[in-house]
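> I am attaching a structure below and will ask some questions about it afterwards.
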Amino acid sequence: MRKKHFGMMTMATILWLNLMNTPLASAQDMVTAVSNDGLEKTVSYDVSKFTDIRDKKLEDVMKKMPGVQMMSFGGSNFLTYNGMNVDKIYVNGMDMLEGNYDPVYNMKPEDVERVEIMENHMSMKIMKGVEYSDAAAVNVVLKESAQAKWSGAVKGGLGVSPLLVNADFSALNIGQKVQTTVLFKADNTGLDFSGSLKGLGDDFYEGGGGTDYSIKEFLKVSPSLAPLSSERTRFNRSGIVNLGSTFKLKNDYQLNVQLTYHTDRLTASSFDETTYYLSGGETVVDVVGEHAKSKQQDIQADITLLTNTETKYLRNQLSFATRWSKVNKDITGERANDQLVNTNPLLLTPLY
């Protein structure tokens with residue numbers, strides 16, 4: 001009886017695995033190579049062993065790799081590996097995206113040969129063995145057939161009553177001498193894409209005592225969270241476009257150019273009524289209404305010259321950023337007032 005029961009369980013398990021289209025390879029089969037030089041441990045995963053028919057993007061495959069976790073913040077994705085923050089994602093050994101890694105996550109799994117994950121990775125090669133690193137890095141190795149051709153992903157959503165729109169597009173081209181990325185996002189469901197922006201915060205003002213006049217910092221109209229329904233109290237339209245190109249120069253140098261445009265328009269309102277009952281029987285009704293509008297536009301540009309070898313390191317960067325921000329806040333009631341803020345900060349930073 002025990003043997004028959006065991007056989008039935010085995011057949012059921014195999015049938016379930018086939019229905020789920022789950023690879024039967026062990027974890028050891030998925031790892032193509034492991035190297036450890038005493039300073040940095042590298043594990044290489046065969047992408048085909050983790051991929052099934054349901055995976056449309058490389059992001060879907062990486063989530064199944066042991067130790068990999070993905071989080072989302074400010075409209076951007078962030079990776080951790082065994083508790084270490086992944087601060088670099090290379091494509092064929094080059095950091096061509098300068099921190100904007102969404103096009104990598106949207107690659108087609110069939111275009112990737114393997115994913116190499118490096119623990120305790122030191123991005124400055126000349127400092128390897130001199131300083132300890134508690135960060136990780138990922139190197140995506142493409143197949144020969146996938147190089148010098150465009151790949152990308154498009155996703156979107158549409159809702160009505162009220163009209164809700166979400167669109168996300170990214171494209172990537174990896175060539176021998178030039179690598180190009182295109183990223184576009186648009187949304188009116190409440191997402192904030194400002195996480196992809198750099199500068200114009202507290203560090204913009206000398207001493208760090210200034211205010212970043214972004215939507216979340218200045219425009220505080222309750223409730224902060226509202227359901228996505230016809231009774232919504234916060235409506236916004238946001239979008240971001242990023243164009244990036246990396247040019248591989250001679251003698252181990254590369255030139256990276258990043259252009260970003262961001263826009264965010266927000267309308268928010270709230271109404272609060274409070275009744276006070278006095279000891280003499282009188283009642284006092286305090287009514288406060290708030291209505292606010294914010295328009296914010298950002299333009300950023302970065303030009304970076306980089307060389308990173310075992311004998312030399314040079315990073316020469318020129319950054320430009322400007323923001324047009326207009327906030328109007330109208331408060332009615334016992335303490336009525338009107339607030340209007342116009343800011344146009346400009347940031348020009350040469351780094352050597």
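The values are calculated or read from the model by the stated rules, or taken from the named source; none is laboratory data. These numbers come from a predicted model, not from an experiment. No Cβ is skipped: glycine too gets one built from the backbone with ideal geometry, and neighbour counts run over all protein chains shown.
> Do we find that LEU219 is modelled with pLDDT under 50, exposed (fewer than 14 other Cβ atoms within 10 Å of the Cβ) and hydrophobic (A, V, I, L, M, F, W, C) in this structure?
Judged against the criteria, LEU219 is not a match.
> I would also like to ask the following. Name the single residue, out of those in the stretch 90-108 being aliphatic (A, V, I, L, M) and farther than 15 Å from LYS63 by Cα, that is nearest to the chain's Cα centre (by Cα).
LEU97
> Okay, next question. When the stretch 260-294 is examined, which residues are found to be among the aliphatic types (A, V, I, L, M) and touching a Leu at 6+ places or on another chain (Cβ under 6 Å)?
The one that is among the aliphatic types (A, V, I, L, M) and touching a Leu at 6+ places or on another chain (Cβ under 6 Å): ALA292.
> While we're on this one: Could you check the stretch 131-180 for strands (runs of 3 or more DSSP E) lying wholly inside it with 1 or more residues that are crowded, with 16+ Cβ neighbours inside 10 Å and at pLDDT 85 or above?
Numbers: elements: 136-142, 150-159, 164-174.
Output list reads 136-142, 164-174.
> Considering only residues that are of a type in the set (Lys, Arg), under 26 Å from VAL257 (Cβ atoms) and in contact (Cβ under 8 Å) with a residue 60 or more places away in the chain, look in the stretch 290-338 and name the one that is surrounded by the fewest Cβ atoms within 10 Å (Cβ to Cβ).
Here the answer is LYS312.
> A further question follows. Of the residues that make up the stretch 109-117, is at least one within 21 Å of the chain's Cα centre (by Cα) and either among the polar types (S, T, N, Q) or assigned to a loop (DSSP other than H, G, I, E, B) (or both)?
No, the conditions are met nowhere in the stretch 109-117.
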